[in-house]
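Undergrad: Below are the C-alpha cells for one structure; questions will follow.
The values are calculated or read from the model by the stated rules, or taken from the named source; none is laboratory data. Please read these numbers as outputs of a predicted model, since none were measured by experiment. Cβ placement follows ideal geometry from the backbone for every residue including glycine, while neighbour counts extend to all protein chains displayed. With ligands, DNA and RNA removed, areas are computed over all heavy atoms of the protein, side chains included. Shrake-Rupley method; radii C 1.70, N 1.55, O 1.52, S 1.80 Å.
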Amino acid sequence: DVKVTQSSRYLVKRTGEKVFLECVQDMDHENMFWYRQDPGLGLRLIYFSYDVKMKEKGDIPEGYSVSREKKERFSLILESASTNQTSMYLCASNRGKGEQFFGPGTRLTVL
Amino acid sequence: GQNIDQPTEMTATEGAIVQINCTYQTSGFNGLFWYQQHAGEAPTFLSYNVLDGLEEKGRFSSFLSRSKGYSYLLLKELQMKDSASYLCAVRRGDTDKLIFGTGTRLQVFP
C-alpha cells in the first residue's frame with residue numbers, strides 16, 4: 001500500500017514565524033504536491049514537484065516555497081507565517097498520470 | 001478559465017441511490033477523478049474517467065460526457081459509512097495538475 005505521511009497532524013505557530021511542513025512517500029513516486037483545503041474553497045494547489053529539485057507553481061504559491069532534495073520527501077515552507085495561512089495542508093504523490101495518494105493532512109493555526 | 005461546479009450538500013436514505021453531479025469548464029481537459037473524503041481524513045481515490053461513458057466499480061459508478069462538460073458519481077445501496085464529502089477533480093492538459101471542485105457533502109440517514 002502507498003503510504004504518504006506528514007510530519008504533524010496539528011501545528012500552532014505565531015505570526016511571522018518560519019514554518020516547515022514535511023511530507024514523505026514510500027512508493028518511489030516522481031510527482032509530489034502540496035494543497036491547502038479551506039471550507040467553501042475546496043482543495044487548491046500550492047506547489048507541485050515532478051522530480052528531485054524540480055518544482056512548479058500551482059494556483060496559490062504566494063507566501064510559500066518548497067524544497068525537494070530527495071525523491072521521497074517534499075517540504076512546504078512558510079517563510080513568514082500569517083493568519084490567512086491558517087488552513088488544512090494536504091500532501092499528495094503519484095506516478096505518471098495515475099491517481100494521487102494523499103497524506104492525513106496538517107491542520108495549521110497561525111495566531 | 002477553469003471552473004468546476006458541484007452541489008454543496010445532499011442528503012439520502014440508507015439503501016437508496018444517489019447521484020452527485022459535476023460540471024466543468026476547463027481548457028485542455030484530460031480526465032476527471034472522483035475522490036471520497038471522510039471528515040478529518042485524507043481524500044481517497046474512487047474513480048477516473050477520460051473517455052465518455054460509464055465506469056462501474058462495485059456500488060459506485062462514474063459517468064463522463066466530454067461534449068457536455070459533465071460527470072456524475074452514482075452511489076447505490078447507500079450505507080451510513082458513505083456519509084462523506086465527494087470531490088470532483090479535472091486534470092489539466094498533459095500535466096498531473098488537478099483542479100478540484102469544492103466538494104459535495106453527502107449525509108446518509110437511517
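Undergrad: For the range A:60-95, give me the residue count where each residue is free of Cβ contacts under 8 Å to residues at least 24 places away in the same chain and farther than 19 Å from A:Gln37 by Cβ.
TA: Of the residues in that region, 4 qualify.
Undergrad: Are any residues in the range A:92-111 crowded, with 23+ Cβ neighbours inside 10 Å and more than 9 Å from chain B (Cβ to nearest Cβ), and if so, which ones?
TA: Across the range A:92-111, the qualifying residue is only A:Ser93.
Undergrad: Just name the residue that is least open to solvent (accessible area, probe 1.4 Å) out of those in the range A:31-56 that are more than 10 Å from chain B (Cβ to nearest Cβ) and charged (D, E, K, R).
TA: Here the answer is A:Arg36.
Undergrad: Okay, moving on. Do we have any residue at all in the range B:89-101 that's open to solvent by less than 30 Å² (accessible area, probe 1.4 Å), in contact with a strand residue (DSSP E or B) (Cβ under 9 Å, 6 or more places away or on another chain), away from every other protein chain (no Cβ under 14 Å) and part of a loop (DSSP other than H, G, I, E, B)?
TA: No: zero hits.
Undergrad: If I go through the range B:35-54 residue by residue, how many of them are open to solvent by 40 Å² or more (accessible area, probe 1.4 Å), away from chain A (no Cβ under 13 Å) and not in a loop (DSSP other than H, G, I, E, B)?
TA: So the answer is 1.
Undergrad: Here's a follow-up. Taking the criterion of being surrounded by 16 or more Cβ atoms within 10 Å (Cβ to Cβ), within 9 Å of another protein chain (Cβ to nearest Cβ) and outside any strand (DSSP E or B), would at least one residue in the range A:77-87 satisfy it?
TA: no
Undergrad: Now for a separate question. If I go through the range A:1-29 residue by residue, how many of them are open to solvent by 60 Å² or more (accessible area, probe 1.4 Å) and either part of a loop (DSSP other than H, G, I, E, B) or over 13 Å from A:Ser75 (Cβ atoms) (or both)?
TA: Final tally of qualifying residues: 13.
Undergrad: Still on this structure, please answer the following. Go through the range A:30-60 and count every residue that is closer than 23 Å to B:Gln6 by Cα, basic (Lys, Arg) and not in a strand (DSSP E or B).
TA: 0
Undergrad: Working carefully through the options B:Thr23, B:Thr13, find the one that is open to solvent by 70 Å² or more (accessible area, probe 1.4 Å) and either modelled with pLDDT of 95 or more or of a type in the set (Lys, Arg) (or both).
TA: B:Thr13
Undergrad: If you scan the range B:57-101, which residues turn out to be in contact (Cβ under 8 Å) with a residue 40 or more places away in the chain and of a type in the set (A, V, I, L, M)?
TA: Matches in the range B:57-101: B:Leu73, B:Leu74, B:Leu75, B:Leu78, B:Met80, B:Ala84, B:Leu87, B:Ala89, B:Val90, B:Leu98, B:Ile99.
Undergrad: How many residues, within the range B:1-10, are buried (at least 16 other Cβ atoms within 10 Å of the Cβ) and either more than 9 Å from chain A (Cβ to nearest Cβ) or under 18 Å from B:Gln107 (Cβ atoms) (or both)?
TA: Total satisfying the criteria: 2.
Undergrad: Moving on to the next point. Looking at the range A:57-65, is at least one residue surrounded by fewer than 21 Cβ atoms within 10 Å (Cβ to Cβ), out of contact with any Lys or Arg (no Cβ under 9 Å at 6 or more places or on another chain), on the phi < 0 side of the Ramachandran plot and among the aliphatic types (A, V, I, L, M)?
TA: no
Undergrad: Give the range B:61-89 a look and list any residue that's more than 24 Å from B:Ala16 (Cα to Cα) and more than 10 Å from the chain's Cα centre (by Cα), or say none.
TA: B:Ser65, B:Arg66, B:Ser67, B:Lys68, B:Gly69
Undergrad: Give me a count of the residues in the range B:1-52 that are on the phi > 0 side of the Ramachandran plot and among the β-branched types (Val, Ile, Thr).
TA: Number satisfying all stated conditions: 0.
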